[in-house]
Amino acid sequence: MRINKISLILLFIVSFLLMGCPYATELELSGATKVEDKYIGTYEKQSSSYYYLKVSKSNETMYKLEKYRTKTDEVSQTGLGYIIDIGGTHFLIAKAAGSSYSYSKNKSYIYKITSKADGLAVKIQGITDYLDEEFETEAELKAYISKYKNLSFFYQKKAEKYFKTDGDW
């Protein structure tokens, strides 16, 4: 259970920084799990030596995400994220911070997060942005996600995979 929560966070971070925009909401989703230290570190996108993601602890339930184009680059995007559980499925909730340019700072982006048992490989897949529904409350949104979370069309077509590196540049 702990590994899945951490994996969600890592996947969220990577997905948030490197993928297209998934479904976004201005609603705050409660139920964040505690940050787990073993997911703190540096990640590399599958099949790419150009995208790196540093994950650190922001507070007890929030991760700080920093995206780099290469190991020698300045931070190109930053974000904050946390993981929640909806009906046994973990979701990364991410928000842009700092100089991030492709995401709205007023909205949270939602990603499904899964991981290998050891937590060193994570997969994130955004909820599709083609949803027409509008939600007035957190409970309505969570109920909708719970109802459709097992259907493939509920997510973006492409999932992103990330692998933890040693983190020492």
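Values in this text are rule-based calculations from the coordinates and carry no lab data. Since we're looking at a predicted model, the values are computed, not measured. Methodologically, a virtual Cβ is constructed for each residue, glycine included, from the backbone with ideal geometry; neighbour enumeration extends over all protein chains shown.
Can you list the residues, at least 5 places off or on another chain, whose amide H is less than 5 Å from the amide H of Thr61, using H built in the peptide plane?
The answer is Val35.
Going by average Cβ neighbours within 10 Å, how do the peptides 26-33, 122-129 rank, with the highest at the top?
Per-residue mean Cβ counts within 10 Å order the peptides as 122-129, 26-33.
If amide hydrogens are placed 1.01 Å from N in the peptide plane, which non-local residues have theirs closer than 5 Å to the one on Cys21?
It is none; the list stays empty.
Taking H placed 1.01 Å from N in the peptide plane, check which residues at least 5 places from Lys112 or on another chain put their amide H under 5 Å from its amide H.
Answer set, sorted by chain and number: Leu92, Gln125, Gly126, Ile127.
Evaluate the distance, in nm, between pseudo-label points positioned 7 Å from the Cα of Thr78 and of Cys21 along their respective Cα→Cβ axes.
2.2 nm
Place the peptides 51-57, 135-141, 109-115 in order of packing, highest mean first, counting for every residue the other Cβ atoms within 10 Å and averaging per peptide.
By packing density, highest mean first, the sequence is 109-115, 51-57, 135-141.
In whole Hz, with x marking every Gly and Pro, tabulate ³J(HN,Hα) for region 59-67 from phi via Karplus 6.51 cos²θ - 1.76 cosθ + 1.60, θ = phi - 60°.
Values, residue by residue: 7, 4, 10, 10, 9, 9, 10, 10, 9 Hz.
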